[in-house]
Every structure is written in C-alpha cells, then in structure tokens.
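Colleague: Supplied in structure tokens, the structure appears directly below.
Bear in mind that the values in this text are calculations on the coordinates, not laboratory data. Just so it is clear, the model here is predicted, and its values are computed rather than measured. Note that each Cβ is placed from the backbone with ideal geometry, even for glycine, and that neighbours are counted across all protein chains shown.
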Amino acid sequence: MNRRFSLITLLSALCLLACVPASLGQAPDWNQIQRPPLHAFHPQLPKRIQLANGMVIFLQEDHELPLIKGTAQIRGGSRDEPADKVGLVEIYAQAWRTGGTKTKTGDQLDDYLEAHAAHVEAENGVDSTKLTWDCLKENLDDVFKVFLELLHEPEFREDKIALAKTQMNTNISRRNDDPFSIAFRESPKLVYGADSPYARISEYATVARVTREDLVSWHHRFVHPNNIILGISGDFDSRAVEAMLHQAFDSWPKGPSAPKLQLSFHGPKPGVYFAEKSDVTASLVLMVDLGITRDNPDYYAIQVFNQFFGGSFSSRLFSNIRSKKGLAYAVGGGIQADYDHPGTLGLFLGTKSRTTAAAIDAFNEELDALKTNPSAPEELTKAKNAILNSFVFRFDSKEKVLRERMTYEFYGYPEDFLEKYRAGIEKVTQADVDRVAQKYVHKDKMALLVVGKAADFDRPLSSFGAVTTIDISIPPPPGEKK
C-alpha cells in the first residue's frame with residue numbers, strides 16, 4: 001500500500017514538472033541573484049558603572065539561561081614581569097587559584113565549587129591577568145564570596161607553586177617537539193627583538209628564580225580596584241547586582257596604578273633565518289615584519305587586504321600556492337593589528353622538505369604580483385562580503401559583546417568602535433586595498449624564517465641570501481651541564 005502510494009505521488013510530481021515552462025524551471029545565474037542588504041547592527045551594550053575608587057564595571061543582562069558569568073580583568077601581565085623571572089605571571093595565575101585562600105585550600109575550593117556546579121579560575125595574559133567565575137543563578141551569592149576571597153586573600157601555597165613550576169618545566173622540555181611552535185615562538189623575536197617583553201620565553205632558570213614572595217608582591221602591586229575592569233553577564237537584575245557590587249567594592253581603597261610600558265618598535269633585520277629540526281619531513285616557512293595598531297586609519301583596508309590575500313580558502317595565497325601549485329598543505333597570513341602596540345605581519349606556509357625552496361619562490365612570486373597584478377574587483381567584492389557576512393557571528397551573543405566592550409575600555413578605544421567596524425569595511429575601495437599593500441608589504445624588509453631539515457631541501461637556503469642559524473637548543477636547568 002505504501003509503495004503504491006509513493007509511486008503515484010512520484011508520477012504526479014513528474015507530471016506537474018512536465019507542465020512547467022522551461023523558462024520557469026531554469027535556475028538563474030548565481031551572479032544575477034539579488035542579495036538583500038544586511039540588517040542594521042545595533043548590539044545591546046552593557047551598562048557601564050565606575051566606582052569612586054576607579055573600578056569600572058559592566059553589567060550585561062541575558063535571561064536566556066539561568067547562568068551568571070563574571071570576569072575581572074586586571075592590568076599587569078607577562079610583559080611587566082622581570083626579564084630574569086620570565087614565567088612569573090604564568091605561575092602566579094595558576095597558583096592564585098590552585099593555592100586557595102587563607103581559609104580554604106585549592107583542593108577544598110575544588111570540592112566546594114564542584115558541589116555548586118560552578119567554576120572560579122585565573123588566567124594569565126601578555127598585559128593582564130583575569131579572575132573569572134561561572135555559576136548557576138541560584139548560587140551567585142556563594143560563588144561570588146569565593147571570588148572575593150580569592151581576590152583579597154589568596155594564599156599561594158608552596159606545594160601548588162611547585163606543581164606549577166613542574167608543569168612549566170615539562171612544557172619547556174617539549175617546546176621543540178612541534179615545528180609550528182618553534183616557528184611561531186622564534187618569529188616574534190625577529191620582529192620585536194629577543195629581549196622584547198613581547199618575545200621573551202621562560203627558561204628553567206627563570207622559572208626557578210620565582211618565589212612565593214614574588215607572587216605575593218605581584219598581587220599587592222597590581223590587584224587594586226583602579227586597575228580592574230569587571231564584567232558580568234547572565235540572568236540577573238542589574239539593580240540588585242549593582243547594589244551587591246557597591247557593598248563589596250566601595251570600601252576598597254585605590255592602589256598604585258599599573259605602569260604603562262613604553263617601548264619602541266623597529267621591525268626585523270631583513271635576511272634568511274634557519275632553525276634546524278632534523279626529525280621532520282616537512283618545513284615551516286614564515287615571512288615576517290612589523291604590523292600595525294588598531295587605531296591606524298588603514299585598519300579597515302588592511303582587514304580587506306588580509307582576507308583577499310591570505311585570510312581564507314579562496315585567498316590568493318591559498319588558491320595559487322596550495323590549490324594550483326600543490327606546494328603547501330597550509331598557507332595564509334596577513335598584517336596583524338594589536339590594540340596598544342604593533343602586531344606582526346606574518347605569512348606562513350607548511351610544505352614538504354623537498355619543495356621548501358620552490359614554496360619560497362612561490363611566496364616571492366605572490367608578493368611581487370601585488371605590484372604587477374593588484375586586487376581585481378571580484379576579489380575585493382568576495383573579500384568584503386566574506387567579512388561582512390561573517391561579522392555578526394563574531395558577536396552573536398550578549399556575552400561576546402560584553403567582552404568586546406571590556407576590551408575597548410581596557411585599551412582606551414571608543415565605545416562605538418564595534419559598531420563602526422562594518423561601516424569601515426563597507427567604505428574600503430580597491431584603491432585602498434592596493435595602497436595598503438604597497439605601503440605595508442615589502443619583501444625586502446621582511447625576515448624569512450625556515451624550520452626544517454636542511455639536508456632534504458630542494459635547494460640550499462643560501463640561494464635566497466646569507467643564512468643566520470637560530471639556536472633552538474634548550475638551556476639546562478640550573479646546576480646541570482649540557
């Protein structure tokens with residue numbers, strides 16, 4: 001019965017299709033499809049509160065789920081740690097949470113929070129540290145008390161400091177296992193300088209020098225209300241939470257402001273740099289230079305350039321070097337922009353050892369083609385559409401909007417920077433893209449970094465210029481010989 005019914009249904013459908021004129025059944029060319037304009041982008045911005053002691057608070061109500069999340073972003077990160085104690089902030093962040101408070105060990109906190117289906121965690125960054133919580137709405141009071149106790153009375157117990165050091169030493173011992181980690185560790189040294197706070201790496205010796213007193217001193221130096229931006233999102237009433245925060249923080253006195261780091265950036269010394277890794281069959285190739293800051297007027301044009309040149313599967317680098325020439329299993333990159341210091345210009349590819357030189361040749365051809373074959377209108381349209389159509393998904397929750405707003409506050413950017421982004425991209429012209437390519441992408445100013453097995457290369461790296469060998473050996477722990 002069912003088979004018969006299905007057959008009759010299919011025959012009926014075929015008869016109907018046969019009666020449809022060909023002109024109506026034929027799909028139009030995709031280029032003729034009219035795309036509707038994008039909807040206006042006006043995200044719900046969080047409420048901003050500034051306390052008398054300098055703490056800035058953002059409240060973002062979101063009643064979709066009965067959850068509440070909080071993040072305290074505190075000025076002071078790894079770039080501020082002493083050069084002879086690199087790794088201090090990473091140890092600090094881990095021992096801050098695992099070391100517990102004066103009344104509870106970290107293990108006791110684990111049990112308490114697990115029983116409440118909650119998390120309180122600390123994390124380290126380049127220019128800040130964070131203390132966060134995540135809990136059910138009904139448990140906010142209990143979890144917030146844990147957050148406050150960690151904020152004001154961390155204990156930094158010695159056994160957890162020792163554990164953090166052991167984990168860091170394990171990571172140091174394995175840092176040359178992966179060629180990608182080698183390449184992306186060594187390239188900032190070329191761009192910023194090996195001694196730059198943005199390029200330093202921890203060693204056994206620097207980790208060993210960190211003491212509990214260093215962690216306590218760091219906490220006393222940076223954890224003050226005037227150095228904190230607190231963001232809370234979730235299912236709460238803003239008036240009730242604001243009252244809770246005033247009660248918790250109004251009496252906390254100001255402390256010394258976090259120092260502002262003053263550095264100059266000059267970019268890399270052009271040349272060829274090589275790190276030998278003899279246990280691989282592939283090479284990592286990077287071409288690097290200095291990037292820009294996000295307040296640069298060229299920021300939007302550079303975003304479009306990045307998308308067209310190396311930021312997607314349809315970009316020039318991917319299409320020409322990987323798809324057409326088959327010289328890379330991964331390729332991409334662009335001009336990166338950071339908020340308060342220049343990012344890096346980084347182009348990378350992964351290729352077989354025996355096609356290393358050919359892949360570098362292909363890189364150079366694409367860089368040269370930026371002058372002889374600038375962006376085509378269809379490339380520009382595709383790049384802009386890709387950015388604009390995906391933009392909303394980067395901020396498709398109120399929590400994401402909150403985090404972005406906190407970032408602007410942290411770096412002193414205007415609060416409407418997010419809303420201006422789409423308009424900035426839409427205004428970019430083909431002339432803008434070609435101009436920034438000529439202004440910022442200079443092959444003769446870049447450093448070429450290769451990680452791989454030289455014996456298997458199709459041509460010596462010296463064919464590209466004098467080669468500087470990078471020593472990636474790991475200095476032994478204090479008291480041990482190489």
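Colleague: What does the highest-first list of 221-227, 111-117, 318-324 look like by mean Cβ count within 10 Å?
Modeller: Answer by packing, highest mean first, reads 221-227, 318-324, 111-117.
Colleague: If one puts a single equal scatterer on every Cα of the range 366-435 and applies the Debye formula without solvent, what log₁₀ I(q)/I(0) results at q = 0.11, 0.14, 0.15, 0.16 Å⁻¹?
Modeller: -0.40, -0.59, -0.65, -0.71
Colleague: Where the convex hull is taken over the Cα atoms of the range 197-273, what is its projected area averaged over directions, in nm²? Display every interim value, and only then the final one.
Modeller: Numbers: hull surface 40.8 nm².
Orientation-averaged projected area of the Cα hull: 10.2 nm².
Colleague: Could you grab the relative contact order for the chain? Cα pairs under 8 Å, six or more apart, rounded to a whole percent.
Modeller: Numbers: 801 pairs, mean separation 94.7, N = 482.
Across the chain, relative contact order equals 20 percent.
Colleague: Okay, next question. Relative contact order for the range 47-249: what percent, with Cα pairs under 8 Å and sequence separation of 6 or more?
Modeller: Details: 332 pairs, mean separation 77.2, N = 203.
Relative contact order of the range 47-249: 38 percent.
Colleague: Using helices alone, what [θ] at 222 nm do you get for the chain, with -39,500 (n - 2.57) per DSSP H run of 4 or more residues, divided over all residues and rounded to the nearest 500? Could you put the intermediate results ahead of the total?
Modeller: On the way: 16 runs with 192 residues, N = 482.
Dividing the helical sum by the residues of the chain leaves -12500 deg cm²/dmol.
Colleague: Could you order peptides 454-461, 84-91, 247-254 by the average number of other Cβ atoms within 10 Å of their residues, highest first? Mind dumping the intermediate values first?
Modeller: On the way: 454-461: 15.4, 84-91: 22.4, 247-254: 13.0.
In decreasing order of mean packing, 454-461, 84-91, 247-254 become 84-91, 454-461, 247-254.
Colleague: How large is log10 of I(q)/I(0) for the range 271-469 at q = 0.13, 0.16, 0.19 Å⁻¹ when the intensity is taken from the Debye formula with one equal scatterer per alpha-carbon?
Modeller: For the range 271-469, the Cα-only Debye profile gives -0.76, -1.04, -1.28.
Colleague: Counting only other residues whose beta carbon sits under 13 Å from that of Thr469, what net charge do I get with K and R as +1, D and E as -1? Mind dumping the intermediate values first?
Modeller: Working: positive: Lys277; negative: Glu186, Glu276, Asp471.
Result for the local shell: -2.
Colleague: If you don't mind, there's one more thing I want to ask. Hey, got the Cα dimensions of the chain along the principal axes, in Å, largest first?
Modeller: 79, 69, 54 Å, listed from the longest principal axis down.
Colleague: On to the next question. Report, in listed order, any pair from Lys277/Lys443; Lys130/Lys445; Lys398/Lys420; Lys85/Lys400; Lys130/Lys160 with a Cα-Cα distance greater than 29 Å. Before the final figure, lay out each step's value.
Modeller: Working: Lys277/Lys443 25 Å; Lys130/Lys445 37 Å; Lys398/Lys420 18 Å; Lys85/Lys400 34 Å; Lys130/Lys160 18 Å.
Where the Cα-Cα span goes over 29 Å, the pairs concerned are Lys130/Lys445; Lys85/Lys400.
Colleague: Another one. Rg to Rh for the range 238-375: what is it, with Cα atoms only and Rh by Kirkwood? Numbers along the way, then the final one.
Modeller: Working: Rg = 22.1 Å, Rh = 18.3 Å.
Result: Rg/Rh = 1.20.
Colleague: Shifting gears a bit: Going by how many other beta carbons lie within 10 Å of each one, how would you line up Leu284, Leu261, Leu215, fewest first? Don't jump to the answer; show the numbers that get you there.
Modeller: Working: Leu284 26, Leu261 13, Leu215 23.
In order of increasing Cβ crowding within 10 Å: Leu261, Leu215, Leu284.
Colleague: Taking N as the number of residues in the range 47-249, what is its alpha-carbon radius of gyration divided by 2.2 N^0.38 Å? All intermediate terms of the calculation are to be shown ahead of the outcome.
Modeller: Values: Rg = 18.4 Å, N = 203, 2.2 N^0.38 = 16.6 Å.
Against the empirical 2.2 N^0.38 Å value, I get 1.11 for the range 47-249.
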